[in-house]
Each structure stands twice: as structure tokens, then as C-alpha cells.
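Okay, structure first, notes after.
Bear in mind these aren't lab numbers, they're just calculated from the coordinates by the rules spelled out. Since we're looking at a predicted model, the values are computed, not measured. FYI the Cβ positions are ideal-geometry reconstructions off the backbone, even for glycines, and counts take in every protein chain you see.
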Amino acid sequence: MIRKHVPLVVLLATLLSLAAVATGGTATAGTTTAARQTLQLVIASITPDLPKEPATEIRVSGTLANTGTEARTGLRYRLRYSAQPFARRADMTAYLSGQEHVQPGGLRDESWLQQPLAASAKLPWEFVFTPQQLGLYRFGVYPLTVEVVDAAEQKLAVQRTFLTYLPKGTKIPRASRTRLAVVLPVIDQPHRADDGALLDEDLTAGLAEGKRLDDLLKTAQGVSSAKGVTWVVDPALLDDVRTLGRAHRVKAGAETVSRPADAAATRWLGALRTALADSPVVATPYADPDVAALAHNGLDGTTRKGVAAAARTGREILGRDVATDVNWPVGGVIDHDGLDVLAVAGVRSVLLSEANLPPAAPAATVPGAVAQPPATTPDAVATLQSVSGPVQALVADPVLSDIVGATASSPDWALLSRRRFIAETAMISTEPVTGRRTVVAAPPRRWSPDPAYVTGLVETAGSLPWLSPATLDAVKPGKVVTPRAGLTYTPQDRSRELGKKYLTGVRRVGERANLATSVTHVTPDAPGDDSGRFDLALLRLASSAWRDRARAAEPYVEQLRSTVDGRIDQVRIVGGEQAEQIRTLAGEDGEVPISVRNERRGSGSTVAVRVRVTSQKPGRLRIEPYEDRMVISGGQTQTVRIPMTITGASGGQTSVTVQLTTDDGRAYGQRVKLTVRSTGYTGIALVIAGAALLVMLAAVGLRVLRRRGARRAATATPPRRASVPAGTES
């Protein structure tokens with residue numbers, strides 16, 4: 001029966017219907033389409049979720065709203081159903097898509113809307129019935145349709161859902177229950193390039209109340225005690241939030257400003273750690289890199305570094321070990337190249353989409369006919385072969401994954417999605433198969449969950465008697481192996497990878513980063529190894545978050561490139577910034593001093609470099625053997641003296657180049673050009689010059705001796721007496 005909320009006389013309804021017929025006869029297709037768009041039919045409630053008695057009252061209620069600007073008349077509600085349960089999940093999908101040849105066929109009840117539905121008005125409706133009235137008597141999934149039609153039998157609004165009936169006394173042995181593994185991700189995009197400043201304010205915004213990361217936390221808290229939930233977490237996100245929770249720097253426009261610790265970030269991280277404490281946690285490789293793209297561009301080793309960094313970072317932040325031997329490739333899609341890279345990195349299980357590893361289709365019985373999909377749901381577990389041996393594949397069910405990851409699309413989306421989840425899992429359990437199966441549900445990796453919806457869905461899964469919740473680490477192959485068609489990696493899948501041009505730029509930055517760290521001097525007494533200093537930064541650049549967003553990644557690439565170049569420039573030849581340096585070599589041989597400055601500070605600041613000096617004219621200026629290796633502490637300058645010999649004509653100048661190198665011979669930093677000037681004095685010239693100097697000294701000495709002799713002679717001669725005039729007496 002239907003509960004009528006607005007009692008009006010039947011005569012009035014009849015007159016209205018006749019008027020509707022009269023106008024409906026001249027209505028165009030466009031008018032009908034417009035009518036459909038202006039009526040909103042909502043199913044607000046269906047109780048109970050799982051009726052078990054033939055006489056149980058089932059209530060289906062909701063509202064009908066007129067969102068148009070004109071009143072609607074001559075409307076009828078209908079409840080349609082079928083007493084035959086669905087035989088295949090494919091039929092359920094066809095039914096929801098509106099295919100007319102699929103159930104239902106029966107009509108349970110209908111009623112005229114006894115008054116016009118005014119513009120912007122909303123009226124409630126309700127159907128009440130029992131399984132017995134519908135003729136339901138066995139465990140199964142049945143269609144249930146509510147529709148609104150006009151007097152001309154035109155469907156103006158339709159809502160399709162499912163009724164799952166489980167008669168009391170139906171036995172579902174525990175051993176035959178379907179294992180359900182729910183995988184929920186906590187994955188974002190990188191927010192730093194190097195380990196320094198945050199490049200945007202998006203992380204702070206995402207942690208705000210009601211935003212995506214806040215909803216992820218609430219979801220984790222809501223299902224913290226649920227069984228059968230495995231979390232897949234990117235440690236790079238936790239690392240970024242940890243950075244935000246400390247005094248940090250953030251790029252604001254063209255400037256980088258200092259900010260105090262963000263208390264909200266600290267609270268979020270602590271609350272997530274608590275929420276995940278009792279649940280299995282799988283870590284993606286650090287920053288969730290695009291493994292397939294890395295494999296196809298010769299960057300295989302990056303994935304291995306990402307797996308190691310994920311284990312280390314996850315343990316530091318969550319305070320416990322996280323699993324890194326399970327991997328969820330981006331999109332659930334991988335090829336054999338990527339699988340080999342993962343296997344070499346220690347991965348033993350991969351979570352894939354059904355499109356990537358489809359079930360083997362049965363051969364068509366009629367030549368030329370299209371092979372039909374399997375009639376039953378395949379077991380999620382399969383085995384793949386890699387260069388490192390067998391790898392377990394866990395194939396996510398596409399329908400269940402879509403249901404878990406559903407987002408608001410209509411007022412009744414949550415109710416209808418939960419009803420379909422109940423129906424789909426029940427349908428799997430009623431399929432005629434032997435042996436126990438496992439199904440996996442995994443929403444999109446960067447989903448935006450509705451915490452209340454996901455929490456309710458997981459709780460519902462735990463209450464269904466045909467399901468047995470299971471975590472990924474507990475999933476084992478079933479007794480009956482489902483044949484699979486093998487990894488299917490299409491050109492479209494390849495086109496979605498990080499582009500070759502982008503990864504070529506990342507590779508160049510990586511080579512420079514390797515150069516910057518290769519000169520770090522490590523000894524047992526001073527283990528300042530910073531060989532992995534830029535590994536995390538490079539993993540951030542290789543994140544799958546940059547798929548189809550290479551322009552958004554450009555600031556990250558430029559920031560890291562600038563940081564790496566600055567690190568290299570901290571070890572340099574003193575004076576190398578000058579346009580021209582001149583050194584003077586006296587005679588035909590001598591030494592030219594060259595100083596190297598190390599501006600690095602802190603751990604890993606001691607460097608070991610070699611100084612390579614090359615004469616531009618070896619026939620004129622020869623570089624003699626010297627000790628070329630220098631070990632320089634942070635903040636210090638060290639000088640090496642380079643012996644040189646003039647081998648050609650005397651005098652003039654010759655150029656030499658000075659280049660710092662790593663121990664393995666790679667050029668480090670900028671090459672410096674020196675001009676070496678020679679005085680031109682050979683050995684004979686020096687002898688002649690020396691003899692001339694002796695003659696000059698002898699002459700000077702003789703002159704000095706003559707002067708001294710003259711003084712002595714003057715002192716020894718007595719003074720003359722004055723003469724006396726004649727005739728003078730005393």
C-alpha cells in the first residue's frame with residue numbers, strides 16, 4: 001500500500017489527470033526532457049537493511065521535489081519489483097543503467113499524486129510491503145524501482161536500487177564466506193622539493209576542518225576498530241606534515257619566509273598515529289613514485305631507494321614497522337618492466353585493477369562471436385612471474401572499489417551506494433562456485449572520502465553474515481585458481497605515465513645531485529655520509545601525483561636544481577670568479593699555488609676532491625707530478641703547490657686550466673683558467689747575471705777601499721809651520 005499524505009477528492013485527481021492527458025498529447029520530446037530535469041526523486045530511507053522474515057515490514061520512503069518554475073500535475077508514483085533474483089552481477093549493472101529488458105517486470109503499487117506539485121515544492125512519499133507480498137522466498141538480490149510517470153505514461157523520474165533478502169534459517173558456513181579486504185589510502189602530493197621550505201600553503205589548507213586530509217583522519221578514526229581494513233600510506237605525506245609541525249620555512253611568492261610550528265599539523269599526525277595503531281599499514285615507496293615511468297626511462301634504482309626510504313620514514317613517524325613488500329602501482333596498472341623493478345626492490349605482492357589483470361574470457365562457442373565475461377566473480381588472488389621469482393597479485397573488484405570510493409552525486413547517494421554494496425557482496429556469495437574466494441575493494445588512491453559514509457560502509461561489511469573481513473597480509477590463494485589473461489598494459493596506460501621530457505630533466509638534476517654528494521669524505525671516525533641527501537627530493541619529483549600535471553611540478557624541479565647547484569658551488573677554486581688570474585714563474589721551473597675553499601658546514605661537510613691542472617701548450621709548459629688529492633674540512637681553505645717547468649723558449653706566458661674532480665674523475669664545479677708568466681731566465685742567463693753581479697760588487701768594494709786608504713794617509717802627515725820674515729827676531 002502507499003501512505004497518502006495529502007487527502008484530496010478522487011474526482012479532482014481524475015479531472016487533473018484528464019487535463020494532463022490533453023496537454024500531454026501535444027507535448028514535444030523537449031518538453032518531456034525538461035520535465036525529467038525539473039523533478040527530483042529521492043529515496044531517503046529503506047528499512048531494514050536485511051529483512052529475514054516473510055512478514056517483515058519493509059518501508060521505502062523519500063521525497064519528490066519540483067525544481068522547475070511551473071507546477072506539475074497528473075503525476076503518479078510507482079513501485080516496481082521482480083520476484084526473481086538476479087542471476088549475475090552483470091545483470092545488476094545492466095539494470096542500474098536502465099536497460100529495459102532486464103528486471104523488474106512486476107508492479108507492486110502505484111498512486112496518483114492528488115494535488116499539483118507546485119514549483120520549488122517537495123512532497124514526501126512512502127511504500128510499505130513485506131517479502132511475502134512480493135513473492136520472495138529465497139536468499140538473493142532483487143530489483144526495486146521507484147518511478148514517477150505522467151498521465152501519458154512518460155517516465156519523469158526513476159530511482160533503482162536493490163532488496164537483499166536472507167530468509168531466517170539460511171545457513172552460510174563460515175568456511176564458505178567470501179573474504180573481503182578493504183584497502184584505504186592516505187596519499188597526497190609532495191609539498192616540498194628539497195628538504196627545506198614548503199613550496200605552497202596547500203598542506204595547511206588540507207588539514208583544516210572539513211578538508212580532504214581532515215576527512216582522511218576522521219575516516220581512519222571511524223574505522224580504527226574495524227576488522228579487514230588495510231591502510232596504504234605515503235610516508236612522504238607524513239614527512240611533510242611533520243615538517244609543518246616544526247618551525248619551518250614556506251615559499252610565499254618570490255620570497256621564502258619563516259613560520260612557527262603549526263600545532264594543527266602536530267595534532268593531525270598524532271591523531272593519525274593513534275588511529276592506525278591497531279591496523280595493518282602498507283607504505284608506498286616514498287612520495288608514491290610512478291614506477292612504470294621510471295622503469296621505462298632507465299631510472300630503475302629510484303624505486304629501490306623509495307622502498308628503503310618508506311620503511312625508514314614510516315618507522316620514524318608511526319613508531320612501528322610498516323610493510324613495504326606490498327605495492328599498489330598508480331592506477332593499479334603495471335607492466336612486466338615495472339613488475340621486475342618492484343620485485344628487485346623487495347616487493348612480493350601487488351594490488352592491481354581488473355583491467356590490468358583481467359580474468360581469461362571463455363572461448364566463444366560460435367565462430368566469430370564475442371566472448372562473454374565470466375559468469376561468476378573471480379578470486380582476487382593470482383600469481384605473476386618476475387625476474388626475482390613469483391609475485392602475488394591481488395586484483396581489486398571494480399564495482400566494490402567504486403562503491404567504497406563513491407562521492408556525493410545526489411541527495412540519496414550514500415543510501416543507494418550502501419544498498420548496492422550489500423547487494424553486490426550478497427550476489428558474490430550466492431554465485432555457484434566451489435571453494436572460498438577473496439574480493440578486494442580499493443577506492444582511488446587520492447580520494448576525498450565522506451567519513452560518515454565510509455565508516456558506515458565498513459561497519460555494514462562487518463555485520464553481513466556472508467562476508468569475512470580480512471587484511472591484505474592474511475589473504476591467501478584459494479583452492480580454485482582463476483585463470484587470468486596476463487598483464488594488460490595498453491598504449492593509453494603508457495601515455496598516462498610521467499613524460500620522457502619531464503623525466504629527462506629529473507634525470508639531469510639527479511646526476512648533478514649525485515655529483516654534489518660524491519665528494520663527501522667519509523671515514524670511520526667521521527661518518528658524515530650524505531650520499532642520500534637528495535634521494536628524497538628526487539623521489540618527490542618522480543611522484544605519480546605529477547601525472548598530467550608536469551607544469552605544476554616545474555617549481556619543484558627548479559627549486560631542487562637551484563639547491564643542488566648551490567651545494568656544488570660551496571666547494572670551489574679560490575679566485576675562480578675572476579675573469580683572469582695571473583701567476584708568475586721565475587726561471588725555467590717553479591711552483592704555482594692553487595687554493596680550494598670548502599664552504600660546507602655541519603655533518604657531512606668534509607670533502608675530498610682532486611685538482612687537475614692541464615697545460616694548454618704542453619710543449620712549452622710542463623706540469624710536473626704532484627699530490628692531487630685534497631681533504632678539506634668544512635669552512636676551511638687548503639692550498640696545493642703545482643710544480644711547473646718551462647720547456648720551450650724563454651720568457652712569455654702560457655695558459656693552464658684548473659679543474660676540481662671527484663675521485664672517479666668526474667669534473668666538479670667550474671673550470672678555472674690561469675695565465676702563467678715566465679721571467680725568461682734560463683740557467684746560462686743566471687750565471688751571466690751572477691757574474692755581472694760579482695763584478696759590480698767587486699768594483700763597489702774597491703772604491704770603498706780606496707776611500708778608506710785616502711783617509712788614513714791624510715791622518716799620518718804632520719802640519720806645516722808658517723814661514724818667518726827675514727830680519728825678524730824674537
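Key figures for this structure:
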read-out: Cut-off 18 Å, label 7 Å out along Cα→Cβ of Arg138, residues of the stretch 415-430 by amide N; value: 426-430
read-out: Positive-end residue, the stretch 500-568 charge dipole about Cα centroid, Cβ charges, pick of Ala513, Ala553, Val564; value: Ala553
read-out: Stretch gain in nm, segment Arg508-Ala264, where the contour uses 0.36 nm per residue and the Cα spacing is subtracted; value: 84.1 nm
read-out: Label point distance in nm, Ala90-Glu70, each placed 7 Å from Cα along Cα→Cβ; value: 4.4
read-out: Virtual spin-label span in nm between Asp493 and Thr645, 7 Å along Cα→Cβ; value: 6.7
read-out: Selection of GluC sites (Glu not before Pro), the stretch 137-235, meeting DSSP coil and at most 15 other Cβ within 10 Å; value: Glu153, Glu201, Glu209
read-out: Listed peptides 108-119, 397-408 by packing density, highest first (mean Cβ within 10 Å); value: 397-408, 108-119
read-out: Residues Lys227, Lys168, sorted so that the one with the fewest Cβ neighbours within 10 Å comes first; value: Lys168, Lys227
read-out: Taking Phe534, Phe139 and counting other C-beta atoms within 10 Å, the order from fewest to most; value: Phe139, Phe534
read-out: Theoretical FRET efficiency, 1/(1+(r/R0)^6), r = Cβ-Cβ of Val257 and Asp589, R0 45 Å, to 0.05; value: 0.20
read-out: Sorted by Cβ density within 10 Å, fewest first, the residues Lys617, Lys501; value: Lys501, Lys617
read-out: Burial order of peptide ranges 630-636, 160-166, 485-491 (average beta-carbon count within 10 Å, highest first); value: 160-166, 630-636, 485-491
read-out: Distance violations [Cα-Cα > 23 Å] among Lys305/Lys476; Lys52/Lys171; Lys305/Lys500; value: Lys305/Lys476
read-out: Approximate spin-label separation Glu624-Arg304, in nm, with each point projected 7 Å along Cα-to-Cβ; value: 4.7
read-out: Amide H within-cut-off set for Val186, under 5 Å, with H built and near neighbours excluded; value: Val232, Val233, Asp234
read-out: Centre separation in Å (Cα based) which lies between the stretch 211-236 and the stretch 52-93; value: 34
read-out: Within the stretch 377-406: backbone nitrogen closer than 16 Å to the Lys479 label point (7 Å, Cα to C-beta); value: 379
read-out: Cβ crowding within 10 Å averaged over residues, with 411-418, 40-47 ranked highest first; value: 411-418, 40-47
read-out: The stretch 226-356: C-alpha gyration tensor shape, a/c 1.5 cut-off, then a/b vs b/c; value: oblate
